[in-house]
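Colleague: Here it is, the structure in full.
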Amino acid sequence: MPKFSRDEMEEMVSRWVAANDKAGETGDWSHMPDFFTDDAIYSWTTGPQWDFVAKGKKQIAEWAFGTEMSGLEKWTYPYIRKLIDTEKGEFIGIWRQVAPVKDPEGKNYEIRGTGGSWFRYAGDFKWSWQRDFFDHGCAGATFGAMAKNGDLTPRMLERMKLGSKMPGWTRAPEDFDWIATMPDPEA
């Protein structure tokens, strides 16, 4: 496994976080797939029986930053911690999930709990693997409150009705075992 310099890894993380911040500001997530290799895997758990999986840059563009971000365009995901491992070429970023809409008390809705992404760096300022994690119970509670208060976009309401019929949703672990995709897992 190649080792990467601290400067290169920090530059990659800096570029990624800046692009993430800009995408949240503008609502345009279309440039984020440029940070992935053509054969990258991007996944996250969507519940006890399902994972979201995008294999390859095309699916990452169409699904992860397309259908999955539809209805969440101006949500922001500010990073609060960045952990870089140059030996493994990995980065773990811990972030918040903040809606562009205020709750009845005048505060932006926010999905409580810990959110984060775990990346594998491939060199050339590209990720080859990403696994997200966040608190689904808190996400459900936030979306429920937003729906009750009439604060969810019509597209987000449609997505919630589709559930596992969304592109990329895969039965886990039968059809997708994320651990098997993890580069060099430790025993």
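The numbers here are math on the coordinates, done by the rules we state, and not lab data. Keep in mind that this is a model prediction, so the values were computed, not measured. Please note: Cβ atoms are built from the backbone with ideal geometry, for glycine as well, and neighbour counts cover all protein chains shown.
Colleague: To the nearest 20 debye, what is the magnitude of the charge dipole of the stretch 102-141 about its Cα centre, counting +1 on the Cβ of each Lys and Arg and -1 on the Cβ of each Asp and Glu? All intermediate terms of the calculation are to be shown ahead of the outcome.
Modeller: Working: 6 positive and 6 negative charges, 29 e Å.
So the dipole magnitude of the stretch 102-141 works out to roughly 140 debye.
Colleague: If Lys and Arg each add +1 and Asp and Glu each add -1, what is the summed charge of the other residues whose beta carbon sits under 15 Å from the beta carbon of GLY168? Walk me through the numbers on the way to the answer.
Modeller: Working: positive: LYS55, LYS57, LYS58, ARG131, ARG159, LYS165, ARG171; negative: ASP51, GLU62, GLU68, ASP132, ASP175.
That sum, taken over residues with Cβ under 15 Å, equals +2.
Colleague: A further question follows. With r as the distance between the Cβ atoms of ILE94 and HIS31 and R0 = 25 Å, compute the FRET efficiency 1/(1 + (r/R0)^6) and round to 0.05. Provide the component values of the computation, followed by the final result.
Modeller: On the way: r = 23 Å, r/R0 = 0.90.
According to the calculation, E is roughly 0.65.
Colleague: So what is the 222 nm mean residue ellipticity for the chain from helices alone, if each DSSP H run of at least 4 adds -39500 (n - 2.57) and you divide by all residues, rounding to the nearest 500 deg cm²/dmol?
Modeller: On the way: 4 runs with 47 residues, N = 187.
Computed mean residue ellipticity for the chain: -8000 deg cm²/dmol.
Colleague: Right, something else. Rank by packing, highest mean first: peptides 116-127, 76-87, with packing defined as the count of other Cβ atoms within 10 Å averaged across residues. Walk me through the numbers on the way to the answer.
Modeller: Numbers: 116-127: 17.6, 76-87: 14.4.
My ranking of the peptides, most packed first, is 116-127, 76-87.
Colleague: Let me ask something additional. What is the fewest-to-most order of LYS102, LYS55, LYS148 by other Cβ atoms lying within 10 Å of their Cβ? Kindly include the intermediate steps, with their values, before the conclusion.
Modeller: Working: LYS102 12, LYS55 17, LYS148 9.
With the fewest neighbours first, LYS102, LYS55, LYS148 line up as LYS148, LYS102, LYS55.
Colleague: A further question on this structure: Quick one: putting +1 on the C-beta of Lys and Arg, -1 on the C-beta of Asp and Glu, what dipole do you get for the chain around its Cα centre, in Debye to the nearest 20?
Modeller: Values: 24 positive and 30 negative charges, 109 e Å.
Computed about the Cα centre, the dipole is about 520 debye.
Colleague: Right, next: For the charge dipole of the stretch 6-172, defined by +1 on Lys and Arg C-beta atoms and -1 on Asp and Glu C-beta atoms about the Cα centroid, which residue among GLY116, GLY71, MET146 has the Cα displaced farthest towards the positive pole?
Modeller: Toward the positive end, the furthest listed residue is MET146.
Colleague: Now, a different point. Note down the magnitude of the dipole of the stretch 1-74 about its Cα centre, charges +1 on Lys and Arg C-beta and -1 on Asp and Glu C-beta and zero elsewhere, to the nearest 20 debye.
Modeller: Values: 8 positive and 14 negative charges, 31 e Å.
The calculated dipole for the stretch 1-74 is roughly 140 debye.
Colleague: To continue, here is another question. Please give the direction-averaged projected area of the C-alpha convex hull for the stretch 77-129, in square nanometres with one decimal.
Modeller: On the way: hull surface 18.0 nm².
Mean shadow area of the hull around the Cα atoms is 4.5 nm².
Colleague: I need the Kirkwood Rh of the stretch 109-172: take the reciprocal of the average 1/r across all distinct C-alpha pairs and report it in angstrom.
Modeller: Details: mean 1/r = 0.0707 Å⁻¹.
Result for the stretch 109-172 stands at 14.1 Å.
Colleague: Starting from 0.36 nm per residue, how many nanometres of slack lie between ALA141 and ALA19 once their C-alpha separation is accounted for? Please report the intermediate quantities before stating the final value.
Modeller: Values: separation 122, 0.36 × 122 = 43.92 nm, distance 2.82 nm.
Contour length minus Cα-Cα distance gives 41.1 nm.
Colleague: Right, something else. How big is the shadow of the Cα convex hull of the chain, averaged over all directions, in nm²?
Modeller: Numbers: hull surface 43.0 nm².
Taking a quarter of the hull surface, the average projection is 10.8 nm².
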